[in-house]
Amino acid sequence: MAEPPISRSCPPKGCIHSPIACFTRDKTRLVTSAITPSTKEEKVLLRNAPAGEQLAELKIKLSEARFWTAAPAAAWFAIAEAKPYHKRLRVFDGIVGLERFISEFDEVVVCMAPSPDGQILAAALTDPSRGTTKVVLLDAVSGERMATLPTQKKGCMALLFAADGHHLAVGFNGFVQVWDIRTRELEKSITGFERTVTCLAYTSNGKLLAAGTQDGQVWIWSVASGKLVQLIDVGSRGVRSIGFSPDGKRLVTVANNAPVGLWNVAEIPIESTDVQ
């Protein structure tokens, strides 16, 4: 089976409204929201997967967030708030629901992603007046800024860590970058498509990287060579979410005004893109 939906981490596909039902990326927790009828109080319910046993009930209002994401096993939740001016994010503990920290920025928070070990929160920040974007790496416990990846002159709409936790894919308008966060070095820049990336997915072994776009296409590349392995036309504008099966041989797609798709993944590159 392909991977189930995960918590959304970027707008517009990441704008969540109650009711909420999403799996964490490691597929060990199901996150759902509920409202108590008598008090109108919103809460988050955590259940283990696949048994469905309730583990915790937290007073976190996900419906008020612009978008949000959760660490593996729901160890914490990060929420990008609409106020003030879309420049603040808050991180809550996933065990007791208490706030860990608040981070405020001079730029607009446009995207977030947790590392596989839950120790790092990556956030993309955009300066609308300059049209530039940078990615900051925050300590998920303290909120301390660990590093900042260089500024790019295009907007970012998607972030995703590889399963090894060492590589971060950043999706821009027209290209995808792969960074080694240990050395803070750019390992690869894949270009050749003038489209806005809306979502990203790695295979579990990190050998393939897929990007969904606003015009209903999914591009799949070899991470090692940067060559295009497959181009999928979903047949609808706006790919909202994608995910590989555990063996990397299938890809599931969710797009606007289209049925959920399940696609075979090619093994041999059919075309080259520009790699820098």
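Here are a few things to note about the model shown:
- Residue of Ala255, Ala80, Ala49 that the Gaussian network model of the chain assigns the largest fluctuation, springs spanning Cα pairs under 10 Å: Ala49
- Around the Cα centre of region 125-207, unit charges on the Cβ atoms of Lys, Arg, Asp and Glu (plus for the first two, minus for the last two) sum to a dipole of about 240 debye.
- Ligands, DNA and RNA are left out, and with a 1.4 angstrom probe the accessible area of region 146-258 is 39 Å² per residue.
- Stokes-Einstein D in µm²/s, Kirkwood radius over Cα pairs - region 138-272 at 25 °C with 0.890 mPa s viscosity: 161
- Couplings 3J(HN,Hα) of region 210-218, computed from phi: 10, 9, x, 10, 5, 9, x, 10, 10 Hz, in residue order, whole Hz [Karplus 6.51 cos²θ - 1.76 cosθ + 1.60, θ = phi - 60°; x for Gly and Pro].
- Relative to one another, the C-alpha centroids of region 138-213 and region 100-116 are positioned 15 Å apart.
- Between Leu55, Leu138, Leu125, the Gaussian network model of the chain with springs among Cα atoms under 10 angstrom shows the greatest mean-square fluctuation at Leu55.
- Bridgeable aspartates and glutamates around Lys227 (alpha carbons under 18 Å apart, same-chain partners fewer than 8 residues away excluded): Glu187, Glu194, Glu267, Glu271, Asp274.
- Qualifying aspartates and glutamates (Cα of each under 18 Å from Cα of Lys61; at least 8 residues distant if same chain): Glu41, Glu42, Glu81, Asp93, Glu99
- Highest GNM mean-square fluctuation among Gln152, Gln177, Gln230, for the chain modelled with Cα contacts below 10 Å: Gln152.
- Taking amide H atoms as placed 1.01 Å from N in the peptide plane, the amide H of Trp76 lies under 5 Å from those of Ala71, Gly94, each 5 or more residues away in sequence or on another chain.
- Excluding exposed DSSP-loop GluC sites (Glu not before Pro) (at most 15 other C-beta within 10 Å), longest clean stretch of the chain: 54-143
The values are calculated or read from the model by the stated rules, or taken from the named source; none is laboratory data. In this text, all values refer to a predicted model and were calculated from it rather than measured experimentally. Ideal geometry is used to build each Cβ from the backbone, glycine not excepted, and the neighbour counts take in all protein chains shown. Surface areas here come from the heavy atoms of the whole protein model, side chains and all, with no ligands, DNA or RNA. Shrake-Rupley method; radii C 1.70, N 1.55, O 1.52, S 1.80 Å.
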